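Here the structure is laid out as structure tokens; the discussion comes afterwards.
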Amino acid sequence: MRAAFPDFRLGKVLATSFTGTLSERHGDAVERIPVPHRLVDWLAVNGLAVDSCTTDQLDLARELRESIHAAATAAAIQDALPASAVQVINDCSAQGRAAAILTPEGERRWQLGSPPCVEDALSVLAADAVSIIAGERDGKLALCASPTCQAAFFDTSQSRTRKWCDMNTCGNRQKKARFNANQRKNVRSPE
């Protein structure tokens, strides 16, 4: 992994993890795939290794990311899916040469075309987005409660009441802010 870039925020759901490559969307946005080779890194970490990426492919990946985010956000708030986002997701899903394969351990892995290209990996991301937005998987789309983040995430908790896209970042920040506010309140309160 190349240094000098923000860490990836990895999750268990491929599509929403991909949307997390742009975080703090309503604050000081953090772009985690600012250059083509950084997309190659993210894909490799997520089992979708490709050899290279062009600037045009990075632009397509970002367009898919934003389309997934827009559609997932709409689904989370039970709004109509944006037609342009649906079109991008469908186009990316249809253009790749990826196949789901079963490993000897009984796990699903993705096999990209030969040679593997970014479009193959994007088709996997789009297909994953389709499965969660269409409600085919056990869980619920939700939005992060952090006012600066509001990332779409897939909640698979038993109660489906998770508030944060990531407890180590957004959740921790909110808990820390609440703790500090309570500390200031306790210091000011006469006994």
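Structure data summary
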item: Output for region 12-39, where each listed residue is part of a helix (DSSP H, G or I), out of contact with any helix residue (DSSP H, G or I) (no Cβ under 8 Å at 6 or more places or on another chain) and more than 16 Å from Asp128 (Cα to Cα); result: His37, Arg38
item: Close pairs (8 angstrom Cβ cut-off, 6 or more residues apart or separate chains): over 13 Å from Thr54 (Cβ atoms) in region 29-40, among the hydroxyl-bearing types (Ser, Thr, Tyr) and open to solvent by less than 20 Å² (accessible area, probe 1.4 Å) anywhere; result: Ala29/Ser23; Val30/Ser23; Glu31/Thr21; Arg32/Thr21; Arg32/Ser23; Ile33/Thr21
item: Within region 55-81, tally of residues that are over 20 Å from Ala29 (Cβ atoms) and touching a helix residue (DSSP H, G or I) at 6+ places or on another chain (Cβ under 6 Å); result: 3
item: Residue match in region 43-58 (condition: open to solvent by 40 Å² or more (accessible area, probe 1.4 Å), touching a strand residue (DSSP E or B) at 6+ places or on another chain (Cβ under 8 Å) and modelled with pLDDT under 95); result: yes
item: Residues located in region 26-42, provided they are under 14 Å from the mean Cα position of the chain (by Cα) and either open to solvent by 40 Å² or more (accessible area, probe 1.4 Å) or over 14 Å from Val124 (Cβ atoms) (or both); result: Val30, Glu31, Arg32, Ile33
item: Within region 104-191, strands (runs of 3 or more DSSP E) holding 1 or more residues that are more than 16 Å from the chain's Cα centre (by Cα) and either touching a residue at least 24 places away in the same chain (Cβ under 8 Å) or surrounded by 10 or more Cβ atoms within 10 Å (Cβ to Cβ) (or both); result: 108-111
item: Cross-chain or 6+ apart pairs with Cβ under 9 Å, region 68-97 first and within 18 Å of Ser123 (Cα to Cα) and at pLDDT 95 or above, then open to solvent by 20 Å² or more (accessible area, probe 1.4 Å) and of a type in the set (D, E, K, R); result: His69/Arg25; Ala85/Glu66; Val88/Glu63; Val88/Glu66; Cys92/Glu63; Cys92/Glu119
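The values are calculated or read from the model by the stated rules, or taken from the named source; none is laboratory data. What you see is a predicted model, and the numbers here were worked out from it, not measured in a lab. Quick reminder, even Gly has a Cβ in these numbers, built from the backbone with ideal geometry, and neighbours come from all protein chains shown. Heavy atoms of the whole protein, side chains included, go into the accessibility calculation; ligands, DNA and RNA do not. Shrake-Rupley method; radii C 1.70, N 1.55, O 1.52, S 1.80 Å.
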